[in-house]
1. Taking the range 313-362 as the region of interest, how many residues are within 30 Å of Pro141 (Cβ to Cβ) and part of a loop (DSSP other than H, G, I, E, B)?
2. Determine, yes or no, whether Pro310 is part of a loop (DSSP other than H, G, I, E, B) and either under 30 Å from Ala237 (Cα atoms) or touching a Ser or Thr at 6+ places or on another chain (Cβ under 9 Å) (or both).
3. List the pairs whose first member sits in the range 286-301 and is surrounded by fewer than 17 Cβ atoms within 10 Å (Cβ to Cβ) and among the basic types (Lys, Arg), whose second member is part of a loop (DSSP other than H, G, I, E, B) and at pLDDT below 95, and whose Cβ atoms are under 9 Å apart, counting only residues at least 6 apart or on separate chains?
4. Residue check: is Thr155 under 19 Å from Phe337 (Cα atoms), surrounded by fewer than 16 Cβ atoms within 10 Å (Cβ to Cβ), touching a residue at least 40 places away in the same chain (Cβ under 8 Å) and of a type in the set (Ser, Thr, Tyr)?
5. Going residue by residue through the range 78-101, is there one that turns out to be touching a residue at least 60 places away in the same chain (Cβ under 8 Å), in a helix (DSSP H, G or I) and either under 28 Å from Asp50 (Cα atoms) or of a type in the set (Ser, Thr, Tyr) (or both)?
6. Can you find a residue that is out of contact with any Asp or Glu (no Cβ under 7 Å at 6 or more places or on another chain), surrounded by fewer than 21 Cβ atoms within 10 Å (Cβ to Cβ) and without any contact (Cβ under 8 Å) to a residue 60 or more places away in the chain anywhere in the range 216-238?
7. How many residues does the range 139-152 contain that are hydroxyl-bearing (Ser, Thr, Tyr) and surrounded by fewer than 17 Cβ atoms within 10 Å (Cβ to Cβ)?
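The values are calculated or read from the model by the stated rules, or taken from the named source; none is laboratory data. The model shown is predicted, which means the values in this text are computed figures rather than measured ones. With ideal geometry, Cβ positions are generated from the backbone for all residues, glycine too; neighbour counts draw on all protein chains shown.
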Amino acid sequence: METTERVEHRTSRRSFLVKGAAVGGGTVAAGRLLSDASPAFASGGLTKGDAAILRFLAAAELIETDLWRQYNELAGIQDSEVPGGSGNPAYTEAVAVLDEDMAQYIHDNTDDEISHARFINAYLRAHGAQTVNLDKFRTLPSSKATGAQQIGRLTNLMQLTVNTSFWTRYRSDSLNPDFGDTLPQAIPDLATGQHPAIPRTDADLAPPDHLQSIANTAGFHFAWVEQGGTSLYAALAQRVTHSEVLRILLSIGGSEIMHFQTWQDKAGNAPPLTDPTTGLTFPDLNADGELTQTNLIMPEPTIFLNRKFPIVSIIRPTQTKGAAMGTVKAFTGDGLFIGQSKKFFAVLTRLARAADAARHGS
């Protein structure tokens, strides 16, 4: 089946090479970004920095779209808005333990990310700027469980290492990563090892606590993904020049905040258990005080800008330095790109470095 991204670029299929992007200590020729742009910006067009920021965000949204499609194929609503899968009843039921409306929420989050990627690329194109297409990197395998399409993927949801420090970060009134603070993990086991967030095959559908462990992992991963978008848009908005680009980042970033708030609430409903197959343990988060309390889903006031100021309820982190590369490192550390090629990392690294180099007025 043709992907939404391929439909978007049906009239412009030139492959891209990003030259000289560094991966580790080496340099990989990775090509020019796909573009149907004219050589010069249109009148009133984008600055170089604004275009770089939008391109990185387009790439991030394509990556998010890919992972959310996989979740939707197995546990979301199957319709013409988000086509592709056929659903997995057992996994859907396990995910619904976190909330009976999960199928609708997963569907709508997927639809939102598709719209974000399409819009940003369309906006770049309309302003004569290069757009982003990652289709050549759709090489990772699909789940073999009932309901999943057998197509190439950008992301891997079957070997995740989920950083759940976002949970304690939003409940702390004295610690903020922008000050260099390190927050404890809410689910320590998720931060080590590699855990599936979708069934890899139908063998993962039993025993019941094993399948529920996979669904619980998905619930915390949903929130992890969207808290990253929440911070990324706020961080990069500080670097843009044109007011309309700022409006785009504030508007799309606001929807990422709504996603995070939803998923943080639902993750709190994950039942405590120990996976009999892997040993992964989900503790009772309400047993250890406010730092992990499940119904504290509004951002607790915390330190901001300078410790001399009173604490305030905010999105965090929002430090703009290295925000894009920080996102690449977080995605990589999460295990989303296990199996991807060096060329893929080169493309993503180049896009991130260009976004981080953007400055207001340039």
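1. Going through the range 313-362 one residue at a time, the tally reaches 7.
2. For Pro310, the condition - part of a loop (DSSP other than H, G, I, E, B) and either under 30 Å from Ala237 (Cα atoms) or touching a Ser or Thr at 6+ places or on another chain (Cβ under 9 Å) (or both) - is met.
3. none
4. It is false that Thr155 is under 19 Å from Phe337 (Cα atoms), surrounded by fewer than 16 Cβ atoms within 10 Å (Cβ to Cβ), touching a residue at least 40 places away in the same chain (Cβ under 8 Å) and of a type in the set (Ser, Thr, Tyr).
5. So the first thing to find is which residues in the range 78-101 are touching a residue at least 60 places away in the same chain (Cβ under 8 Å), and the list is 83-88, 90-91, 94-95, 97-99.
Going one step further and asking which of them are in a helix (DSSP H, G or I), we end up with 90-91, 94-95.
In the following step, the residues that additionally are either under 28 Å from Asp50 (Cα atoms) or of a type in the set (Ser, Thr, Tyr) (or both) were identified as 91.
Yes, some residue in the range 78-101 is touching a residue at least 60 places away in the same chain (Cβ under 8 Å), in a helix (DSSP H, G or I) and either under 28 Å from Asp50 (Cα atoms) or of a type in the set (Ser, Thr, Tyr) (or both).
6. yes
7. Summing the residues that are hydroxyl-bearing (Ser, Thr, Tyr) and surrounded by fewer than 17 Cβ atoms within 10 Å (Cβ to Cβ) in the range 139-152 gives 1.
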